[in-house]
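Nothing in this text is a laboratory measurement; each read-out follows from the coordinates by a stated rule. Computed from a prediction, not measured in an experiment: that's the story for all the values here. Don't worry about glycine lacking a Cβ; one is built from the backbone with ideal geometry, like all the others, and counts go over all protein chains shown.
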Amino acid sequence: MNRFHKLDKMTSTRCAVCKYFRRRCPPDCIFAPYFPNNDPQKFTCVHRFYGASNIGKMLEEMSVHLRADAVDSLYYEAKCRIQDPVYGCVGIISSLHQQIQIAQSQLAKAQAELSFLDANLAAAEPTPSHSEPLVQPNGAVDHGLDDPLNTWFY
Amino acid sequence: MASSSSYNSPCAACKFLRRKCMPGCIFAPYFPPEEPQKFANVHKIFGASNVTKLLNDILPHQREDAVNSLAYEAEARVRDPVYGCVGAITFLQRQVDRLQKELDAANADLIRYACNEIPSGLPHMSSIQPITPPQRSIDHYPNRRIGDIDGGGGGGGGFYQSPPSFPYPYANHHQWNPSGSGGNLGGGGGGQGNM
């Protein structure tokens, strides 16, 4: 009874990696925190492209507090590669670059149009000095530069 | 794309693995001996047998692009062991979001001009059209809806759906140039493959 109890305990606490390899999961298993046994797909997905030993080496080379993010990013890239075996997540990067180029071009167009409209708005606003025609000392009315009778520039 | 094995010169993969480069070596067309680092990176991250399996599952005319994208990912992972390419994706996504906001603001101003909220002094305001932003999801990229990978990711705005619940790793640092060396697979680059 004790032997079966021990076996049950071992199998139920194995991480997904050790379960995959049908081996004992040691207490200090490097994979256990990141590949829980209730999510076997995570490891099978990552293992398909990277291999367990490569993942183990990568995790060993980095600080413990960064490992969870590293495993998540490996999982993300592996899923991208499953969806697109040729380009993987590089296809997404390429698409983002294209979107940025398109957006920058459209933003430049919109800003140019706004500048044009702003400039026209500024030019179209009547200036205070021309709001009312000036009456000259001799009684003539000066309508400003548009006045065909205004001969100051001759 | 000549096979280096035909010239009795081992390809970079066989050189790295210290084995004879046989005619028909699957790596030879894609790992020339002049680029040893390319295979070294790929081997470090993926391993030779995984790459072999992957190439065998892909049509021959797509293998060059596949190898180049693997080399790109491997180099990204070597440069940034924690986030790899995902760091670049996050960074670019933030740029897209920022540009989207700026474009929305500019379009809002244009609409105000068109509706005469801001008189422009121009006689024909109906000719002013807001600049339509790119489509809001990457529908032209049918197999790559990031949000679908996890059955629905976060964020609904922007030009595409955001990757699901990733931290932004580049809040404080960024040296990754997605269109830099290692295949030159950025959107503006040519690269060896036609992406």
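Data overview
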| item | result |
| --- | --- |
| Residue match in the stretch A:61-71 (condition: among the acidic types (Asp, Glu), in a helix (DSSP H, G or I) and surrounded by 18 or more Cβ atoms within 10 Å (Cβ to Cβ)) | yes |
| Single match in A:78, A:103 (criterion: at the interface with chain B (Cβ under 7 Å from one of its Cβ atoms), among the small types (Gly, Ala, Ser), in contact with a helix residue (DSSP H, G or I) (Cβ under 8 Å, 6 or more places away or on another chain) and crowded, with 19+ Cβ neighbours inside 10 Å) | A:103 |
| Hey, residue B:65 in contact (Cβ under 8 Å) with a residue 60 or more places away in the chain and within 27 Å of residue A:69 (Cα to Cα) or not | no |
| Any hit, the stretch A:69-84, residues being more than 19 Å from residue B:85 (Cβ to Cβ) and not aromatic (Phe, Trp, Tyr) | no |
| Every pair of residues 6+ apart whose Cβ atoms lie under 8 Å, when the first sits in the stretch B:36-48 and is in contact (Cβ under 8 Å) with a residue 12 or more places away in the chain while the second is acidic (Asp, Glu) and part of a helix (DSSP H, G or I) | B:41/B:75; B:45/B:73 |
| Residue list for the stretch A:48-60, filter: of a type in the set (A, V, I, L, M) and either within 9 Å of chain B (Cβ to nearest Cβ) or surrounded by fewer than 14 Cβ atoms within 10 Å (Cβ to Cβ) (or both) | A:58 |
| Number of positions in the stretch A:61-75 that are at the interface with chain B (Cβ under 7 Å from one of its Cβ atoms) and more than 14 Å from residue A:45 (Cα to Cα) | 5 |
